[in-house]
Structures are given as C-alpha cells and as structure tokens.
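Have a look at the structure below before the remarks.
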Amino acid sequence: MFVRKIISSSRVQQLLIFLLIYGLNLQLISRPLPESFCSNQESQEEASDLMAIVNVRIIPVAGPEIPSGTILIEKERIKALGSNLEIPSGLRKIDGRGLTAYPGMIDSFSSLGLVEISGVSATVDNRETGRLNPQVKAIEALKYDSMHIPIARANGIVAAMVAPSGGLIAGQSTLVKLDGWTNREMVIRESLALVVELPGIRGGRRGFMGIGGQEPAVSTEKALSELKELFNKSRMYEKRREAAARNLLLPRPDFDETSHCLLPVVKGELPVIFAVHSDKDILQVIKFVQEEKIKAIFYQVEQGFKVAEEISRAGIPCIMGSLYGLPPVWEDGYDSLFLNPGLLNKAGVKIAFSSSSSSAAKDLPYHAAKAVAFGLDRLEALKAVTIYPAEIFGVDKLMGSLEPGKLANIVLADGDLLELGTRIEKVFIEGREVDLNNRYTELLERFKKREEEK
Amino acid sequence: MKVVISRTILFIIFVLALLAPESYLLAAGNLLIKNATILPVSGPPIPGGEVLIIDGIIKQIGKNLSAPAGARVIEASGKYLIPGIIDTHTHLALSGTNEGTDAITPEVRMADVINADDPAIFTALTGGVTMVHTMHGSANVIGGVNVVLKLKWGQPSEKLVVKEAFPTLKFALGENVKQSNRVLLPGRPQRYPATRMGANAIIRRELLRAKDYMTQWERYEKLKNSKNPPRNLLPPRKDLRLETLADLLRGKLYARTHAYVATEMVEFLRLAKEFGFKVAALEHAWEAYKITDELLAAGVGISVFIDSWAYKMEAAEGIAYNAAYCTRRGILVSINSDSSERVRRLFNEAGKAVKYGLTQDEALKMITINAARQLGVDHLVGSIEVGKQADLALFDQHPMSAYTRCEMTIIEGDVYFDRQQILKNREEAAARKGGN
Amino acid sequence: MKKRIGKLNLVSGSRKVFLLQAVAILLFMILSTSSPGAGEEVGPAYALVNCKIFPVSGPPVEKGTIIIRDGLIEALGYAEKIKIPEDAEIIEAGGLTAYPGLISAHTNLFLEIKQQEQPQTPDEFLSSFSQLSEPQEFPELQIFKELKPKKQTLESWHKIGVTTVVIAPGRGIFQGQSVVLNLNSDQPNQMVLKQPWALHINFTTERGIYPSSLMGTVAFIRQKFYDTLHYDLHKKKYLSSPVFLKRPEYDHFLEALIPFVVDKKPVVFQCNNQEDIKRALRLIEEFKLKGVLTGCNEAWRVADHLKGAGVPLLVTVDFRPATASIYSQQGEAVRKKAEAEVFPANAAHLQKENITFALTGFGLSESSFRKNIQAAIKAGLSPEAALKALTVEPARILGLERQLGTLEMGKIANLILTRGDLFDEKTKVIKVLVDGILFNYEEKGQ
C-alpha cells in the first residue's frame, strides 16, 4: 500500500524515498534510476508483483552488510533494499529471520548440462572431436533438465558459464541462469566466449594414451602461431568477401566455416577464454592478445601468481580452475593452487572461481573458501563468485550483487554462503522462488520411506 | 676431497630437510602442545587445553602441564587440535595399483610394493592425514592384500606399516570388474566376468576352491602324521592364490569390498554369511542408504565418498546424504578419498556432511575414530586420549569449516608437516636467491 | 696394435724344424679361427720390467717386475728379486703402473639388443598390445649362446682398464643366466671364466599379461620359487620311490630354476631403487637363496638392511635416480642435483658403513663408467676401496677369487698398465694383458 502510494505521488516524493532507500548505499547514489523504479504504471496495477524478504541479514556484496533488513522484489528485479525499509502490507512476505541474503553465485566455468554421467559417453556432450571447433555452441546441447542443475541451485548457484572443452579451439561457451523449462529459457548470453585450450605445464596431452613421441603434441608457441594464422585468415576472408560484395569482378572466397565463426573474435565482439597454465605461457598469451587486439579472459592460470603483475597490467581477468588439484610442478609448493587466487587478487587481477565440473558444480563456494584459507580476503572471495564473474562476463548491470534494479537472484542461507555446513533455505532466480528439491533429496525421501513403513 | 664430502653431506641434509622438514631435527616423540582447542572426538571439546606427549604416546591431557627437558613446546592458541586424520581407502605410496590381468589375484600383497618415496605421502600430511589404508585397485573381483600405513614421510617403508591393523583383502564388484567402461582392445576377448552374476559366481567358485585346497592340506597332514605314511607322500602344491583365500576363510583376513549398487552389496553380504568370512567394510557403498537394514543386520560399516558421484552409471544414485543418513541409522561410516589429491582435503569432505545432517563432531568422527574402528586400530589412534599414540593434526580454524587450514601434522609425537616451517624455508630460499 | 698370439717361444733344434713349426703354427692360426680351442696352444712369456705394481693383495711395489707365462702370473715383485727367464720377451714398462685387470660384474656387452619399437599411432599401439601377449620369461636362457663379441667393443673396454665382465641377459622378470668372460679375444669359448654364472631376475612386468604390475611380479616370483621346490621334491620322491606315485610332468621353466632355488647357485636381483633392494632381501631370506644384488644406486639409503644381510652387492655407478625415487619426484632441479651430488656418494656411504661391494658400469657406456668412478671417488670413496671394488671384490662375488682380482703368483694374468694413477682423469691405459695375451694401446704421437 505504502509503496503504491509513493509511486503514485509526485516526482519529488519519489526522489526523497529513493534517497532514503539508497542512502545506505552511498556509492550507488550517482547511478541512474533503475528502470523498474521509473516505470510506475505497471507496478501500480499489480500488487502481486511485489514480494519482500524481511528481517534478513543482507550481504549485498556491492555495499556494506545490513545486519537486519528488507529486500523488496518487484517481478524479476530488486526494487529496493535497506534496514529501515517500510513495506506495504498485503504483499508476499518471507521472513528471513536467522537467514542471510546473498546474491546468487555464478559458476564461471562449468560443464553443467553438457556432462551428465562422465563415464557414460552417451551422456557426455562437452567434447567435440577434432582440434578446431569454433562452430560448436554449448547452448545448443545444453540439457536444461540435467540432474546436476537443481543440486547446484540448492547450493546457491544461480548462473553458470557452460563451456565446451577439448582440442585447441573447443567451441563457444554460454552463460545461463539455472532455471528454465528449456535451454533457451535459460540463456543470459547465448555465446559468451570462444574457449581456447593451450597445452598444460607438463607439455599437454601427448598423443593417444600418452604415446606417440616425446615432444608435446603442440607447444603453446605453436598453438599461438596457429591461432594467429587462423585469425588472420578470418580477417582476410571477411575483407575479400566484403570486397567481392562491392565489386562483382572480384573472385569471392568460398564459405569457410572456421573463418566465418572466428569473425566475432577478430572483430573484438566475442572474447576468448584461454585455458593457460604456466607463467611463460601466460606472458606469451598476453603478448598475443595485445597484438591481436582481442578481448581475453584467462582460465586456470595455475602459475599466474608468478606473473600476477603482468596479468594485472594487461587487465585480463582470470577464472580459476578447480582448486581440487595438485600443484602442476612440485617446485611451486604444495599450496600453490590455493595461494594463487589470493596473490592474483592482491596484484589487482580480477578473479572469479569456477567448479570446472557438472557433478561437482555445487562445490563452487568451497573453492572460494579454500582460497580464503590461504590468504584471499573473505569479501573478495565472495565477490569472486558473484560480482566479479558478472563483470567479467559483462552482465554486472543485471546480476552479481544485491542492488536495486538488478535481477532478483537471491540466496537465503542459514550461515556463511561459502561455508560447508551452510544450508540454503531459499533461492530466487529473477524474482522467482525456485524448487530446491533435487536428485539427492528425492532419492533420500524415497528410500527413507522404507524406514517409515515399519 | 674432504670439502667435497662435507658439501655433499650438506646437500643431502638439505634435501632431507626438504623432504621432512622437522622430523629428524627433534628429540623423537616428546612434545607439549599448549593452549589449543582440543577436539578429542572421544569427548567434548577442551578449550585452552594442553597435550603432553612422551615417546610418541599421549601422556597427559589437561591444563598447565609442564614439559620435560628437551621436549618441544608448540604454542597453539587459537588453533584446533584433532586426532590425526585416517583415510580408509587410498592407493598412495604404492608402486602400482592393480594386477588387472586376472580377475582373481589374492596372491598379490600391497606390502610388497610400498614406495615410501611417493610424494602423495607428503601431500596427505599437508591435509592432516596421519594414517591410510592403502589398497589394491578395483580392477579385479578379488584383488590383493592391503596394508595400513602411517605417513612417516622420510622414514623407510617398513617403519610405515601398521602391523596392528586388520589384515584386509580387497574385493571389487560392479562396473569396474565387469570392465563395462573399458575399450575392448582388438584381438582380446572380453574378460570373465562381464556381469554382476559372473562376479558373484567367480567369488563363490574361488572360495569353494580354497575350501578344497584346505581339505587337501588337512588330508596330507593327517596322512603324514599317521602311523605308516607312504614313503613317497607328496604335499599339495603351495598355491599363494588359494593360501590367501584360505586365510580369509580361516578368519585371518577381513574382506573390504568395493561395491556401489544395493543388490551387489546385499549379495556380497550373503556370500560372506554363506562362507563365514568377515567383512571389515564396504567401499564406496553409494546405495547404502537403500539397504541400511541389511547393513545393520550384518554389522558392516561403509567407507564412502561424501559427494563425488555420477562419474559412472553405478554412481548415478550416489546421494550426498548417504553418509549422514547411514550414520543416523547407526551404521559405522568413514569418509575416504580414494585419491592422492582429495586425501589432502578429506577434512573438507567430512565437513560437507554437516550440510546433510550431521553435527560437526559426528562429521569429524568419520575421518578419525570411525576410520580407526574400521581398520581395527581404534585402541591405538583415532581420538585424543591418554595412552593412545600421538597422531595429531593442528588446524587454524575448526577443521569442519571450509575456511580452515592444516598447520601441523604429528605422528607419534614427531612433526612431519609444519606449515610455518615450510613458509620459513621458503623465505630463506627466497632470501638466498635474492642475495646471490 | 694387438698381438693375438704374440711371439711364441720356439724351442727349436734346427732351422728345418723351425720352418716346419712355423708352417704348423700358421696352419694352426688359420684353423683356430674356425674351430677355437681345437688344440692346446702355449701362450707367450713376458717380463714386464721397471713398472710400479699395485697387486691389491699387498702393498704397492715402486719398481718391480712381473713375469707372465702361458696366461698366468709366474712371478712378480721387486725388480732386484725377480729373475727374468731367458725365454721371456722383455717389455719395458718404466713409468707405467700395473694393476689387476678391472672387473665389471654386470654388463650387457656383445648382445644385439632388439630395440622395442615404440608404437606411434593408435592403431600400432592397439595392435602392439594384442601382439605382446607372449610372456617374456627366459629362466633357461644361456646368454652365452647369444654373444656376438666385437673387437671394437673389447678394445674400448680395455681402454678403461676392464679385462673381465659379467654379461647378463636383460629382458623379462626371469631374464636367464649370465656368463663371466675374460676380454681376451672375440671367441666366446676362449673367453669363458664361468658359464653359467647366475640366474638374473628383474622386478619388471609383462605387458598386458600376468604379471602386469610390480605386486604381481613379486607374487609371480614367489609362486615360481615354491613351484620349483615342489617340483624338485616331486622329482626326488619319484626317483627314490616311483611306486604308486604319478611322475611329475616335465616343466622346462622349473627345471631351469632348480640349480638356483634348490642347489643354491647365485641369483642376481636387479635393484633399481631402495625398495627393490628390500624386496630382493625378503625373497633371498624367504627362500634361503644365494642372492646377489645388482644396480643398487640407492644402496646407501638401506645401509641398515644391507649391513646384517651379508648379501653381495654389485653397485652401479649409474647416478640417475629411478623414476620411483624421491629424487625424481620433486622437479628437475632436485633430480639434476641429486644425480650430480647425492648418488655419486653412494659408494662412499657404503664404505663408511663397512659394507663391501663391487662397482659395475651397469647401464652405462664405458666412458661414463670411467667418468663416474672418478665422480664416486670425488664424492668420498677412497681410491683404495674403489680399486678393490673393481678387482678383488667382484672376483670374490663371482667365486673367482683364487683366479682373479689381484696380482699374485699363479693367478690369471689379467693386468693393465697405465700411465698415471688409475683413477686420474688424464690417465691412459697403455697395455692390457688378458689371459696373458698382450694388447698395446700406445698413445698416438708418442
């Protein structure tokens, strides 16, 4: 009621309330009015579009913690949040007593929906054959009803970059929310980035079952020069096709799938995610990225800490691989993988965590917490599963923090979001409360009945 | 020449220092750990507690204890002291995991192939693990005889072996022994068994053969000891394969059986009853939550992952509630790593169980005292109690928290992992590098 | 460069007889190449004069004489005390030092080792896998029969002072039986000192068939040993009382093992790392074998085990850490440093622990063998101990201590003459006598 009143009143009043609500988030004051806030006519008519989470501890990530406050949700977006927020009666209220509201987490690299049971090839769709597959798109194979998605969701993950892997160019990744009745309903960014996999520190995968010569299949140097050639070919392909379109006398090059699919990359429209590992390779790729003038995101960067300054200067964000691994070389120290995120972050590199998995996608928060155990700041760790990935993927206007105007991707947890024992009580994706039942709970309930029958 | 010798010796010492930063430096086994929050597992937490260790044995637990001369004192305020973590299912510190050529290989013994140089030992120590059950792989229906090791990094292999532990024999069922996830090589026939039926049939066949073998020996002994034994009486051929199985039937060995689905577990327990052999635990037991009654009736515990699942068909119903639910039902549950990487974060794996219904204490038990019970060493380790061996781990926060970090790992009063020492060594190495 | 027969001492009455004899000898020489050992020949007699002598069995002689006749040491000692026989060819050895010929008690010389071709394509890999199902076990193999001696090889080993070698087979777990040879010619029959010497066992695996893992290999060896005992017992029982006893089925594998498992001829275990040494010691203990350990470049790490065991050691000066070794597991820098500084000290440690051993060049080229012995000495091994480990110790382990290993009257005339101290980098081997046959390796341009 109250909200309706103020919305219907004068612009001045509107601004006053706006300041009241946003005063808590001083840094945000300079931001333009959120769209939903301005479009008052709709809201006036439908009270049911509003929902409030009350008495909840709020960790907005974008601003200071609110020990006890309210989040007002309108349709798919956050309308307002604050500690002394007055809300009209009659709307759906969710009591958040004892709970903490966090922005939903984003898994920055996963195979959710592409890999169901990794050992059963019929259920595996993330690895195309061959080395150069810029044409394959993760979104086109994504199993929206994967059993892993509700489990990830039940752990507070609301969005994920789903990426193919394998070969040199693995394909195009997609950014999806973990809710939707079809794969297309899940789309946030249909094509988010091209995934390029460079050889590992130990020389990468060697031939078939590790045989076939002593030399690594392809060195990073070779891989980069190959990419350079492909990019150049794509540019020339475009140039000649355009010239031929203008001048009918010029021969027109035949359709070339690889060149065609690389066009968004060479034009700087589609970023490239480089899976890169050693310090030396990282430096090589930085040089490559600068020469090619492409948008780049690094992935895995196990030895990134050795060249953190250089990565920071280059302004290339880094997605951490799974921390469930051993250091690539003994000399790096037993804890190098755990220290890496903190050291990169300290050097000013924008980092994000990933599960790099589907069946263990739910473990995303634990990777972040592990990095905290080895020096990463707690809030930075939280940002690295929320706002930083949103920024890296260019969707920070939509998600990644709890701020008015952003999509209402909210997680209500009974404790620290990254903590192992924490239970997620409710998850909202774009303002809709999602079902937290999943394969785990369903099977448990089914077989618990045996005990109950007695 | 002398200079060269001493330089070489110095280098060896340097390398040893890298390998085992502390162990050789200390007066063996005498320690006083002060001001820790002790989680003894056998009782309630003791804030600001102290533990006195003499000759590797916990002598006193309390407050204001005094250290005898020469004992190292570890200031542990703000830190958590727990019993050393025990991993009931690993393959580390072995040269080779499977004798996978034959479906039946009980003649192989892990004790023959311990490799004390395996860096996985150190990796495990960095996660507070002090003891592992290191096993034959799951390629065969009947694998080999396993071994329990203490992770005394830098010590010779024979000093690692825990002789008091249950001697166990590895069995495996399901997809691995069926070889259903294996590419069949051209020119090679599919190995028997290719079904769960075959796997069970093979076990029954081998156990019946072992019974026969025992009878043959009994007959020979009787004849030999009779009044007029034949002059050319020949003993039966000694068959190492059947010897091991005979030991299982005699109760000298315990079965540890890799099993995933409910049916194969139920059937294996029936086989155990049929032949009267002992089962120490079922490994992985992903569908244990479906057959808790049967497990309770057989008195058999499980050694499981917390949530690593869906990597093959038979793991597709492996729910993260398994460990917690089975614990609630009264089954003895331990959490294992089955991995030379996961082993260093076994405490994180146990910690996850809190989300699925256990208390932090119960979760911690799954990687300490429960594991010790399953290995038959709970009278020696697995909790912090006076008289037990001082296998301990020190964490900077509650070990069941995601934010915790292992600071120190102690076996029988010797420090085998000390993070602060490693950091110091690193600083010194960096300074040396900078200085040069 | 090399005198095969040398100058024979012809005790001749007349010119005619001499000519006849010369013809006969010529004929003999021609024949002897086609049928070695067809007739007894009388070896030459030499008097090596004015050389320094390291007899190993006693103190060095600054200026001495060594008399060699017919392949044996007739006499040796201080120059003034040794009378030079009138028929001996005098070899001026002033400035040279005489040592017993060195023994490398584990090599694989003269073998044409078939390089196992590495499959390059998946198809090759798959087919190689299905083809390799033949077991590679050869307990009955006599490596002696496989020898293809080459003069060039012989000479290159002479040049590092080696006159005696053990040649051992190198494939499979039960690899076969080795031979002890004097490097006196390229005629295997003439060369043999002991044939067969020992059964060689390596803790390796089969590919694709049982045993395909180290644990399987240990079980496989134990089962074969138990089977041999049983087979032998069965045979003996059958021999003594065949009535109402079925005869044992002939088993060539177990037959080959009987001399070693039952009759306790030497069994050599190849030990590539410290755990292999312990594995071998356990087997030797379990089956009461006459065991010998070879390889053993990590022996210092198990000194405690070796001290009590009294098992002879053939320690290679190959300093490369095995893959399973901790020194291979902690990065390249540690591995390289270990190879340069830790492993060379192996022998020095053993010496300090009073563990006796022979040094071998197993796994090494002859030039690395020599270089690495020097490295072992630099790392603390005393030159005296090194010399013993290359002469008297291996002779003892081979059961040839009465014939070889020292310069003593009556022993086989295996000796080397060097310019300079044997273990000096610049020292060259100038003359080599094997079975009294003289080989000259004068420095060029001198």
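The values are calculated or read from the model by the stated rules, or taken from the named source; none is laboratory data. Fair warning: this is a prediction, and the values are worked out from it, not measured in the lab. Neighbour counts are summed over all protein chains in view; Cβ atoms, including those assigned to glycine, are modelled from backbone coordinates with ideal geometry. With ligands, DNA and RNA removed, areas are computed over all heavy atoms of the protein, side chains included. Shrake-Rupley method; radii C 1.70, N 1.55, O 1.52, S 1.80 Å.
Matching residues to (1) assigned to a strand (DSSP E or B); (2) surrounded by 24 or more Cβ atoms within 10 Å (Cβ to Cβ); (3) in the same structural domain as B:Ala272 (by TED's automatic domain parsing); (4) among the β-branched types (Val, Ile, Thr):
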residue: B:Thr97; (1), (2), (3), (4): no, no, yes, yes
residue: B:Ala111; (1), (2), (3), (4): no, no, yes, no
residue: B:Ala124; (1), (2), (3), (4): no, yes, yes, no
residue: B:Ser138; (1), (2), (3), (4): no, yes, yes, no
Report task. Identify all residues within the range A:298-323 that are touching a residue at least 40 places away in the same chain (Cβ under 8 Å) and surrounded by fewer than 21 Cβ atoms within 10 Å (Cβ to Cβ); write none if there are none. Result -> A:Ser322
Query raised in the report: For the range C:175-226, how many residues meet the condition of being out of contact with any Pro (no Cβ under 7 Å at 6 or more places or on another chain) and open to solvent by 10 Å² or more (accessible area, probe 1.4 Å)?
Result: 17
Report task. Mind telling me which of the residues A:Gly119, A:Gly98, A:Gly130 ends up being open to solvent by 40 Å² or more (accessible area, probe 1.4 Å), farther than 21 Å from B:Lys352 by Cβ and free of Cβ contacts under 8 Å to residues at least 40 places away in the same chain? Result -> A:Gly130
Query - Members of the range B:303-325 found to be among the β-branched types (Val, Ile, Thr) and more than 7 Å from chain A (Cβ to nearest Cβ), listed by number - result: B:Val304, B:Ile306
Report task. Pull up the range A:409-454, narrow it to residues that are farther than 21 Å from A:Val158 by Cβ and more than 10 Å from every other protein chain (Cβ to nearest Cβ), then point me to the one that is modelled with the highest pLDDT. Result -> A:Lys449
Query raised in the report: In this structure, does A:Thr70 turn out to be among the polar types (S, T, N, Q) and open to solvent by 40 Å² or more (accessible area, probe 1.4 Å)?
Result: no
Requested in this report: Identify the single condition in (1) part of a loop (DSSP other than H, G, I, E, B); (2) not assigned by TED's automatic domain parsing to the domain that holds B:Asp396 that B:Pro44 does not satisfy, given that it satisfies every other one.
Outcome: (2)
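From the list C:Glu249, C:Glu255, which one is assigned to a helix (DSSP H, G or I) and out of contact with any Cys (no Cβ under 7 Å at 6 or more places or on another chain)?
C:Glu255
Residues being open to solvent by 10 Å² or more (accessible area, probe 1.4 Å) and on the phi < 0 side of the Ramachandran plot: count how many of those fall in the range B:308-330.
10
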Requested in this report: Name the one entry in C:Glu249, C:Glu255 that is more than 8 Å from every other protein chain (Cβ to nearest Cβ) and without any contact (Cβ under 8 Å) to a residue 24 or more places away in the chain.
Outcome: C:Glu249
**Report entry** Subset of the range B:181-202 [in contact with a Leu (Cβ under 6 Å, 6 or more places away or on another chain) and modelled with pLDDT of 95 or more]
**Finding:** B:Ala199
Query raised in the report: Among (1) more than 30 Å from A:Glu309 (Cβ to Cβ); (2) under 36 Å from the mean Cα position of the chain (by Cα), where does A:Ala244 come up short?
Result: (2)
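Does B:Asp102 satisfy being under 22 Å from C:Glu275 (Cα atoms) and within 11 Å of another protein chain (Cβ to nearest Cβ)?
For B:Asp102, the condition - under 22 Å from C:Glu275 (Cα atoms) and within 11 Å of another protein chain (Cβ to nearest Cβ) - is not met.
Yes/no per residue for (1) closer than 27 Å to C:Ala75 by Cβ; (2) out of contact with any helix residue (DSSP H, G or I) (no Cβ under 8 Å at 6 or more places or on another chain); (3) at pLDDT 95 or above; (4) not in a loop (DSSP other than H, G, I, E, B):
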position	(1), (2), (3), (4)
C:Val334	no, no, no, yes
C:Glu341	no, no, yes, yes
C:Ala345	no, no, yes, yes
C:Ala348	no, no, yes, yes
C:Asn372	no, no, yes, yes
C:Gly380	no, no, yes, no
C:Gly399	yes, yes, yes, no
C:Thr418	yes, yes, yes, yes
Requested in this report: Considering only residues that are out of contact with any strand residue (DSSP E or B) (no Cβ under 9 Å at 6 or more places or on another chain) and closer than 20 Å to B:Gly299 by Cβ, look in the range B:326-361 and name the one that is nearest to the other protein chains (Cβ to nearest Cβ).
Outcome: B:Arg329
Report summary line: (1) farther than 30 Å from B:Val177 by Cα; (2) open to solvent by 10 Å² or more (accessible area, probe 1.4 Å); (3) touching a strand residue (DSSP E or B) at 6+ places or on another chain (Cβ under 7 Å); (4) more than 14 Å from chain C (Cβ to nearest Cβ) all hold for B:Ile58 apart from (2)
Report summary line: Within the range C:323-345, the residues that are open to solvent by 40 Å² or more (accessible area, probe 1.4 Å), under 17 Å from B:Gly154 (Cα atoms) and at the interface with chain B (Cβ under 8 Å from one of its Cβ atoms) are C:Gln329
Query raised in the report: Are any residues in the range A:360-406 closer than 20 Å to A:Ile73 by Cα and within 12 Å of chain B (Cβ to nearest Cβ), and if so, which ones?
Result: none
Requested in this report: Give me a count of the residues in the range C:350-369 that are outside any helix (DSSP H, G or I) and among the hydroxyl-bearing types (Ser, Thr, Tyr).
Outcome: 3
Report task. Return a yes/no flag: does the range C:268-279 have any residue that is touching a Leu at 6+ places or on another chain (Cβ under 9 Å), open to solvent by less than 60 Å² (accessible area, probe 1.4 Å) and within 18 Å of C:Glu353 (Cβ to Cβ). Result -> yes
**Report entry** Selection count where residues are hydrophobic (A, V, I, L, M, F, W, C), in a loop (DSSP other than H, G, I, E, B) and crowded, with 17+ Cβ neighbours inside 10 Å, scope the range C:401-414
**Finding:** 3
